[in-house]
Amino acid sequence: MSDIRTLDFNLLKAFVILLDECNVSRAAHRLSVTQPAMSGILNRLRESFNDPLFVRVQHGMQPTDRALQLGQTARKVLQEIGSMLQPPILEPEQLKMTLRIAAMDYVQQIIALPLILRLRRLAPKIQVALVPVQGQNIKTLFEKNKIDLALVSQQHISDDMPQTILYDEPYVCAMSKTHPMAKKKLSIDQFCELPFAMLSYNGGEFSGATDIALQKLGRKRKVMVSVNHISLLPQLLQDSDLVAVLPKHLAQTLPNVCLQQPPIDVEGFTMMMTWHERTEQDMAHQWLRKVLLEVVR
């Protein structure tokens, strides 16, 4: 064949069937075409390969040496094309890739950590990198191909990004189990008199969702400590009279604390999983997102 652009792959299929049958009528029957049509196909094959391909013998046709050589290649090509058209089979235990997950530190603890433990069992060859998101633009991280997944609140992503809801996150009040108010239902007056520790991911902030809710009621609370990492919270709450209003999933991970509803409605948020459109149809990434959802739910 002088030019692949003139190659009709259906001709290759007919050629292989002719090699199997060495008979135009039987080959026509297998292809569900008429005998004249099959003869026309054979003529096109002869022109394409510049060889008679088959010669008449007493009981049918016999392939030429050139036809036998071409037949080996044709079978291989058809097999490879068939493989291309088959849906790929995912074998998690053989997956070799790096998954980069952007998430806040406490989300790393409650979602990414269980995901990593599950992947160690299901797909032990996958590398997982946890990337902090504080102060970062999620869309930019995706566009620069720095991350594959982000686990963030809804306010950090735009509607045009592929996404799915993980869970709704309410706020709860956390204090030491030995705190004088631990077993008591807080009134709004008592709440405003308590000394608070606040988790500020950007650092140095003394106002957040709780303060916005209080402001609407014309009230204020006393934020005495602002920290930018959850690692400091357990000891701060356990060894002092400080109280914190925290996302419920985070508060539930802290040791030796008592949790109760704040006496005001603090607006929670929705935790999302988002990814880049370049991995939308990727079979391995689809599987990883499914595993993460199973971990969460």
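The values are calculated or read from the model by the stated rules, or taken from the named source; none is laboratory data. As the structure is a prediction and not an experimental result, all values here were calculated from the model. A quick note on method: Cβ atoms are made from the backbone with ideal geometry, for glycine too, and the neighbour counts reach across all protein chains shown. These area figures cover heavy atoms from the full protein model, side chains too; ligands, DNA and RNA do not enter into them. Shrake-Rupley method; radii C 1.70, N 1.55, O 1.52, S 1.80 Å.
What pairs from Lys183/Lys248; Lys139/Lys216; Lys146/Lys248; Lys139/Lys220; Lys220/Lys248; Lys96/Lys146 go past 24 Å between their alpha carbons?
Working: Lys183/Lys248 18 Å; Lys139/Lys216 32 Å; Lys146/Lys248 29 Å; Lys139/Lys220 35 Å; Lys220/Lys248 22 Å; Lys96/Lys146 18 Å.
Violating the 24 Å limit, Cα to Cα: Lys139/Lys216; Lys146/Lys248; Lys139/Lys220.
Calculate for the chain the 222 nm mean residue ellipticity that helices alone would give, adding -39,500 (n - 2.57) per DSSP H run of length 4 or more and normalising by residue count, nearest 500 deg cm²/dmol. Mind showing how you got there, number by number?
Values: 11 runs with 111 residues, N = 297.
That comes out to -11000 deg cm²/dmol.
When a/c is below 1.5 the answer is rounded, else prolate if a/b is larger than b/c, else oblate, so apply that to the stretch 171-252 with a ≥ b ≥ c taken from the square roots of the Cα gyration tensor eigenvalues.
Details: a/c = 1.62, a/b = 1.05, b/c = 1.55.
In terms of gyration-tensor shape, oblate.
Considering only Leu151, Leu19, Leu115, give the residue with the highest GNM mean-square fluctuation for the chain, with springs between Cα atoms whenever their separation is below 10 Å.
Looking only at Leu151, Leu19, Leu115, the biggest GNM fluctuation is shown by Leu19.
Of all DSSP beta bridges in the stretch 160-273, what percent run antiparallel (nearest 5)? Before the final figure, lay out each step's value.
Working: 13 of 19 bridges.
Around 70 percent antiparallel, to the nearest 5.
Over the chain, calculate the relative contact order: mean separation of alpha carbon pairs under 8 Å at least 6 apart, over the residue count, as a percent.
On the way: 419 pairs, mean separation 58.5, N = 297.
Result for the chain is 20 percent.
As a test, work out the antiparallel percent of DSSP beta bridges whose residues both lie in the chain, rounded to the nearest 5. Mind showing how you got there, number by number?
Numbers: 23 of 37 bridges.
Counting only bridges with both partners in the chain, antiparallel ones make up about 60 percent.
What distance in nm separates the two pseudo spin-label positions at Arg118 and Gln281, each 7 Å out from Cα along the beta-carbon direction?
2.6
Once you have the alpha carbon radius of gyration of the stretch 1-124, what is it after dividing by 2.2 N^0.38 Å, with N set to its residue count?
Working: Rg = 25.4 Å, N = 124, 2.2 N^0.38 = 13.7 Å.
Against the compact-globule rule of thumb, the ratio is 1.85.
Which FRET efficiency value, to the nearest 0.05, do you get for Leu68 and Gln94 by plugging their Cβ-Cβ distance into 1/(1 + (r/R0)^6) with R0 = 25 Å? Mind showing how you got there, number by number?
Values: r = 37 Å, r/R0 = 1.49.
Efficiency computed from Cβ-Cβ geometry: 0.10.
So how tilted is helix 283-296 from the main axis of the chain? Cα-based, degrees 0 to 90, rounded to 10.
Relative to the chain, helix 283-296 is tipped by roughly 30 degrees.
In a shell of Cβ-Cβ distance under 13 Å around Thr98, excluding Thr98 itself, what net charge do Lys and Arg (+1) and Asp and Glu (-1) give? Display every interim value, and only then the final one.
Values: positive: Lys96, Arg100, Lys125, Lys146; negative: Asp148.
So the surrounding residues net to +3.
Does anyone have the angle between helix 65-85 and the longest principal axis of the chain? Alpha-carbon axes, 0 to 90°, nearest 10?
Value to nearest ten degrees: 20.
In nm, give the distance between the simple-model label positions of Gln134 and Val57, each being 7 Å from the Cα along the Cα-to-Cβ direction.
It is 8.1 nm.
PRE reach from Tyr167 (point 7 Å along Cα→Cβ): which of the stretch 79-123 fall under 19 Å by backbone N?
Counting only backbone N, you get 102-119.
Given the options Arg219, Arg66, Arg278, which has the most mean-square fluctuation in a GNM of the chain, springs set between C-alpha atoms less than 10 angstrom apart?
Arg66
With a 1.4 Å probe and all protein chains kept in place, how much accessible area does Tyr167 have, in Å² rounded to the nearest 10?
Probe radius 1.4 Å; accessible area of Tyr167 about 30 Å².
In a Gaussian network model over the chain where Cα atoms closer than 10 Å are linked, find which of Thr64, Thr98, Thr270 has the largest mean-square fluctuation.
Thr64
Enter the Cα centre distance for the pair the stretch 108-164 and the stretch 207-240, rounded to the nearest angstrom.
So the two Cα centres are separated by 27 Å.
Classify the chain as rounded, prolate or oblate, taking a ≥ b ≥ c as the square roots of the eigenvalues of its Cα gyration tensor: rounded when a/c is under 1.5, otherwise prolate if a/b is larger than b/c and oblate if not. Before the final figure, lay out each step's value.
Details: a/c = 4.68, a/b = 4.20, b/c = 1.12.
Prolate, because a/c is 1.5 or more and a/b exceeds b/c.
How large is the dipole of the chain about the Cα centre if only Lys and Arg carry +1 and Asp and Glu carry -1, each at its Cβ, rounded to the nearest 20 debye? The partial results should precede the final answer.
Details: 33 positive and 29 negative charges, 105 e Å.
Approximately 500 debye in magnitude.
State, to one decimal in nm, how far the label point of Arg219 lies from the label point of Asn256, with both points 7 Å from Cα in the Cβ direction.
In this crude label model, Arg219 to Asn256 measures out at 2.9 nm.
Based on the alpha-carbon gyration tensor of the stretch 105-181, what equivalent-ellipsoid semi-axes (square roots of 5 times the eigenvalues) come out, in whole Å, largest first? Present the calculation step by step, with values, prior to reporting the outcome.
On the way: eigenvalues 150, 82, 29 Å².
Values for the stretch 105-181, descending: 27, 20, 12 Å.
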